[in-house]
């Protein structure tokens, strides 16, 4: 019996070394990478090996390699005043006490909007909301920026306005999607900053520049955050003040671009140039004649993984329409696709999506007026999502041609608020 007991114990120890007892690890891995992301937290509680596996970014790289990864689009978004659950409750309140309901409605109208982080799982077509812990405060800072670090599966939330005082804040929060979506408060920026340019460069660096301070003064200052070390480092200032500028970076390029923006004395009139910071040189350079739309915000520019700059032209005073790509050689924007009729009535929030294939760039767009495409009335109060699939071989033309395919996304009412910032992760 003693020998048999030892044999059983040895067999159990051997089985525990496998990801799934009785299966080779290659086969087990092929099974585990297919588990939907929403169940990964539960998967980690099964055993130590599964927990270590699901906590390792290499597991998510394997999901990407096998085509089982899920596309998550994260939006800093104003919460709608009435969710579907609240609507049912408030209809009862209105029947019982219309005076109280009128007071509630007026209070909502005069209070600043509450912002939250909405997460759209494009692969599963599901929406959910995530909130970091901010003491007794509800929501996240208004107009904060979200930046994704694709290699580590982290999301960084930076700056914005305090919803109570409307002051610019230096606050930074990090959400680790690989380890279950938990939030932590990170090292703050050197100063309160809002409406600035930011972008991820490399595996763990987040660059920020420009924006404005609490006195609404446009800024030249810049700094970089190391997400691994949780440290900030000051950068040389830009040559010019740039409020409401747009930050861009391209895979493998290593540089940080700050497009347009305006100075303190010229609010609302956007500059035509851009500045580029090269970490290898430790200095800024300027690129002239990049932004020919003085009354249009550059926030709707997205840099694709293939290195293209695409601008989703909206209803900015009728200056531009359609999807445009910047031609570096000719220093001009050329139309490469049209935007669906009634599909956009203001400057949208945009981000490129990874995993679109070798010959295709995919761009997610969230903006007003899209509700007409989502079954709404198209009045523009409601925001909705679209995805543009754009062939990389598209030939740009000044005349414009619809070379892109649009995919309409169902956007529930409770996720149809104004979106200020957006990023994406492939997990």
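The values are calculated or read from the model by the stated rules, or taken from the named source; none is laboratory data. For clarity, every value in this text was computed on a predicted model and none was experimentally measured. Cβ placement follows ideal geometry from the backbone for every residue including glycine, while neighbour counts extend to all protein chains displayed.
Brief remarks on what is shown
- For segment 212-222, the set of residues classified as more than 20 Å from residue 164 (Cβ to Cβ) and in a loop (DSSP other than H, G, I, E, B) consists of 217, 219, 220, 221, listed by residue number.
- For residue 256, the criteria (1) surrounded by fewer than 20 Cβ atoms within 10 Å (Cβ to Cβ); (2) within 18 Å of the chain's Cα centre (by Cα); (3) modelled with pLDDT of 95 or more hold in every case but one, which is (1).
- Condition check for residue 337: surrounded by 15 or more Cβ atoms within 10 Å (Cβ to Cβ) and within 22 Å of the chain's Cα centre (by Cα): no
- Of the residues making up segment 147-174, just one is surrounded by fewer than 21 Cβ atoms within 10 Å (Cβ to Cβ) and under 14 Å from residue 198 (Cα atoms), namely 170.
- Test for residue 81: is it in a loop (DSSP other than H, G, I, E, B) and modelled with pLDDT under 90: yes
- Residue satisfying condition, being in a loop (DSSP other than H, G, I, E, B) and closer than 26 Å to residue 119 by Cα, within set 228, 253: 228
- Check on residue 95, farther than 20 Å from residue 414 by Cα, assigned by TED's automatic domain parsing to the domain that holds residue 145 and at pLDDT below 95: yes
- Residue check for residue 144: crowded, with 20+ Cβ neighbours inside 10 Å, within 11 Å of residue 116 (Cβ to Cβ) and either modelled with pLDDT of 95 or more or out of contact with any helix residue (DSSP H, G or I) (no Cβ under 8 Å at 6 or more places or on another chain) (or both): yes
- Test: residue in segment 289-310 that is in a strand (DSSP E or B) and surrounded by fewer than 19 Cβ atoms within 10 Å (Cβ to Cβ): no
- Candidate set from segment 158-179 (those that are under 18 Å from the mean Cα position of the chain (by Cα) and assigned to a loop (DSSP other than H, G, I, E, B)); member that is nearest to residue 424 (Cα to Cα): 177
- For residue 405, the requirement of being outside any loop (DSSP other than H, G, I, E, B) and at pLDDT 60 or above is met.
- Within segment 180-196, the set of residues being touching a strand residue (DSSP E or B) at 6+ places or on another chain (Cβ under 8 Å), closer than 17 Å to residue 45 by Cα and either assigned to a loop (DSSP other than H, G, I, E, B) or assigned by TED's automatic domain parsing to the domain that holds residue 51 (or both) comprises 181 only.
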